[in-house]
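The values are calculated or read from the model by the stated rules, or taken from the named source; none is laboratory data. This is a predicted model, so every value here is computed, not measured. Reconstructed Cβ throughout: ideal geometry from the backbone, glycine too, with neighbour counts over all protein chains shown.
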Amino acid sequence: MQNESNITEYYKKTAMFWSDMIAMMSSKPTTLTAVGPIRNLSSNLKKITSELTEANKEIVEFNNFLIEYYKQLSDTWTSAQKEVASRAPKIPQNEESVEAYKRVWIDIFENSFTGLFDSKKFSENYNGLISTELDLLKRWNAITDVMLKSANLPTKQEIDEIYEEIHSLKNRIFKLELSKKKTENARK
Amino acid sequence: MPENKFNPKIIGEFLNFGRNLVEAPMKVSVPHEVKIGSTQFDVAYKEDKMRLLHFKSLTSKQIRTPLLISYAIVNRYHIFDIDPKKSWIRNLLMQGFDVYLIDWGTPSKIDRFLGFDEYVNGYMDNCMDFICDETDVDKVSIQGYCTGGTLATVYSSLHPERVKNLIATAPVIDGWKDTTVVSNIAKYFDVDKLVDTVGNMPPEFIYFCFSILKPFEQGVEKYLKFLNNIDNEKYVDSFLKIEKWLDETPPIPGELFKQWIKGIYQDNLLIQNKMYVGNKHVSLKNLNMPIFTQVAVGDHLVSPECSMPLHYAVSSTDKILKLYPTGHVGMIASSFSQKIVLPELGQWLKERS
């Protein structure tokens, strides 16, 4: 565990060192081209590298949750299958046996999996899985934002701000309309 | 040497299943080409993506008080009118009701900041204004289904003077008492992170929540049954319509979803009379109009324990709680609902309209 953490730290430091070096090297010509593509490229590279390095930790975490998710599913499957196997010999061997076996199989599997999905351990792990997936998505959004910014396009955050502003404007218009209506009704 | 005995019935079933599997694409329509919704309507009012549908009358005489149906925020309204023989809308029209329905539409990214306030005090209240103006009445009856039942309840608490009767069909009321898988996932859900990162609640996620409710009955058995019945025209038609309806799940506006998960499932504010919508206090004690609470005993989406507390929390003296031996969808779109649920509802509503 300690070794794993050292290795992660080593790669993180190495990546940060070289991206910083590249940034510093490329900042020399900035006196000439302060907004030029080379500066953009180097500063973008630094941010992207930093995001990707941070994402590594989250990928490991995501993997752990994913492994636990599949483990829970597979354990439940195995235990349900065992229960089916123990019940199968009791099913009468006649023309209806296929239908009866199918019914037993579905009932046992349904109960076992509903039990799992209803449990605290499933909910906690599943939400952990979603949470780390969202962390990864946040990193991806940050990387996309860097690229959008360098292309002089609005970022996700800026677009969200516009949506929020439109929303607040609509609410203000709605309130104005409402008060206008009340005044008109009072006049009537 | 033991003699091998093959059951001819099993072999026959196996061969039949194989044949159906191969022939299915030739016999059955492409699911996305299937038309759902059978009753004619006009779009009476429109605001942003929300539409107020007014269904065309099927009787010469109509009951005076109109009925506004607030559909759920999950899936589309078509389940109310998916098949003429099982249509909730058609049945009410045949009983002489003047039926309006709110179709919340499909929210996009620009709608992520819409919350309870906009839905209840904005869209719903504007629909009520429109209906009152158009039909020249002061009060309208409201029916809400599932999460739409919660919206109708909140609306009735904030604007009781406008609601003639409230019908809550499988409403989500007491989140802590809900025993479904949905509530189990909601309990530990980091909804702030989801909304901040992706904006609206993605339909794929909603679909996942549904698919784990009855994974084997809904995910395996249903399709096996379908393949065994591909020669049964009625069965195939009904199956494809339901599948198409399930597939058309719109996203839920981020803010509304956040308020929903926190307010209803995690903090359970509504039943405790601690909820605020647009700075206004939502108290179930304000519900003094006649109230009909409809609950399905076999509901695996909103458990009966989650809906029933509404009946006991309101101040109305004219109230009724009915438990039906069916499921969440069965209560509104089945032969059972046509024979039992709708006639009872119609009778109750006629006496108060």
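The table below lists the values:
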read-out: Among the residues listed as A:SER112, A:SER86, the single one being within 12 Å of chain B (Cβ to nearest Cβ) and part of a helix (DSSP H, G or I); value: A:SER112
read-out: Matching residues in the stretch B:231-282 - criterion: being surrounded by fewer than 19 Cβ atoms within 10 Å (Cβ to Cβ), of a type in the set (A, V, I, L, M, F, W, C) and at pLDDT 95 or above; value: B:LEU269
read-out: Among residues of the stretch B:178-192, those that are more than 7 Å from every other protein chain (Cβ to nearest Cβ) and more than 20 Å from the chain's Cα centre (by Cα), counted; value: 2
read-out: Subset of the stretch B:316-341 [of a type in the set (S, T, N, Q), in contact with a strand residue (DSSP E or B) (Cβ under 9 Å, 6 or more places away or on another chain) and not in a loop (DSSP other than H, G, I, E, B)]; value: B:SER337
read-out: The stretch B:283-301, subset in a loop (DSSP other than H, G, I, E, B) and either in contact with a Gly (Cβ under 8 Å, 6 or more places away or on another chain) or modelled with pLDDT under 95 (or both), residue nearest to B:VAL154 (Cα to Cα); value: B:LEU301
read-out: Given (1) buried (at least 19 other Cβ atoms within 10 Å of the Cβ); (2) without any contact (Cβ under 8 Å) to a residue 60 or more places away in the chain; (3) within 14 Å of chain A (Cβ to nearest Cβ); (4) not charged (D, E, K, R), number of the condition B:PRO107 does not satisfy; value: (2)
read-out: Tally of residues being within 14 Å of chain A (Cβ to nearest Cβ) and modelled with pLDDT of 95 or more across the stretch B:4-53; value: 1
read-out: Some residue of the stretch B:87-96 being within 12 Å of chain A (Cβ to nearest Cβ) and surrounded by fewer than 24 Cβ atoms within 10 Å (Cβ to Cβ); value: no
read-out: Verdict on B:ASP129 being of a type in the set (Asp, Glu) and touching a residue at least 24 places away in the same chain (Cβ under 8 Å); value: no
read-out: Count of the stretch A:89-107 residues which are within 9 Å of chain B (Cβ to nearest Cβ) and touching a residue at least 12 places away in the same chain (Cβ under 8 Å); value: 1
read-out: Restricting the stretch B:118-147 to residues that are farther than 17 Å from B:LEU166 by Cβ and under 20 Å from the mean Cα position of the chain (by Cα), the residue that is farthest from the other protein chains (Cβ to nearest Cβ); value: B:TYR123
read-out: Matching residues in the stretch A:115-126 - criterion: being assigned to a helix (DSSP H, G or I), surrounded by fewer than 19 Cβ atoms within 10 Å (Cβ to Cβ) and facing chain B (nearest Cβ under 7 Å); value: A:GLU124
